[in-house]
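One structure below.
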Amino acid sequence: MVWTLEKSGKFTMKSSYKKMYEEKNNNAVVAPRMKSIFKKLWKLPLLRRINQFLRKYVKNFLPTRDKLSYAIQKGDYSCPFCSQMIETASHCILNCSMVKLVWFGLLSIHTPDNINLEDWICSLFDNIQAGHITEDEICKITIVSWCIWTQRYDTIFKEISSTADIIIQNCRKFLAEYIEMSHKKPNSANGKNRYNLHWSPPPAGGFTINYDGSYLSNSGSISLIMCDFAGYHKGSRCIYLVES
Ligand SMILES: [Zn+2]
């Protein structure tokens, strides 16, 4: 098996996302609708890893098997849950017969058949503005989506068999944790919301630079990565420090 997007022939997430981004958006500017969605998205009281999942979710960056078909020849592109359809993000999260049971069992939602995943989640964000849905409902929908996605990972990479009941049981733990956290009062001593202490998004049009470093004996390195407010990668650098 050869990954044709890298000279080495080896799969990398970087080349995969780059290809998806190029196909999806030729623009460097985020549309006003997406700016509004990302503004709301950053403020949701979700665990960081679930929020990061949501960012890929709304940008249709989930690396499902259909997206890999152009790079991997003669691969298995079928849905890991039902094996009946080609796995697209919409099928995996919304339309698979098994995940439909999950959505109804957890949130009494009949997921739509004639809309793609990206449009569906973005329309839900639009409905917050119109007062048809609350942020709390978006959070629960995101958690259910994330649980389906992590179960997919376990099915493919750990060869763990999946049923709607297993996903429902796992997801109930995360929903219960979310409900418990969302009912806790912010600490009145400092008046800050505990869920947003780790990071604050920059204002629209701004950028963030995250950095980290390590050292061993007399050498080390510093790494920097810059993203815009919507989470798009804008540049990165690794600086190696050598003994003088
Ligand atoms: Zn399926």
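Brief remarks follow.
- Selection within the range 48-66 - outside any loop (DSSP other than H, G, I, E, B), within 16 Å of the ligand (Cβ to nearest atom) and not acidic (Asp, Glu): Arg65
- Criterion: modelled with pLDDT under 90 and either touching a Ser or Thr at 6+ places or on another chain (Cβ under 6 Å) or charged (D, E, K, R) (or both) - qualifying residue of Asp136, Asp66, Asp165: Asp66
- The one condition in (1) of a type outside the set (Asp, Glu); (2) crowded, with 21+ Cβ neighbours inside 10 Å; (3) farther than 28 Å from Ser36 by Cβ; (4) in contact with a helix residue (DSSP H, G or I) (Cβ under 6 Å, 6 or more places away or on another chain) that Gly105 fails to fulfil: (2)
- For the range 70-102, the set of residues classified as more than 13 Å from the ligand (Cβ to nearest atom) and more than 15 Å from Ile156 (Cβ to Cβ) consists of Tyr70, Ala71, Gln73, Lys74, listed by residue number.
- Single residue of the range 103-119 satisfying the filter (at pLDDT below 90 and of a type in the set (A, V, I, L, M, F, W, C)) that is nearest to the ligand (Cβ to nearest atom): Leu117
- Of the residues in the range 61-71, not one is more than 20 Å from Phe11 (Cβ to Cβ), among the charged types (D, E, K, R) and either in contact (Cβ under 8 Å) with a residue 40 or more places away in the chain or crowded, with 20+ Cβ neighbours inside 10 Å (or both).
The values are calculated or read from the model by the stated rules, or taken from the named source; none is laboratory data. Small disclaimer: the values here were computed from a predicted structure and weren't measured. Neighbour counts run over all protein chains shown; Cβ positions are idealised from the backbone, glycine included.
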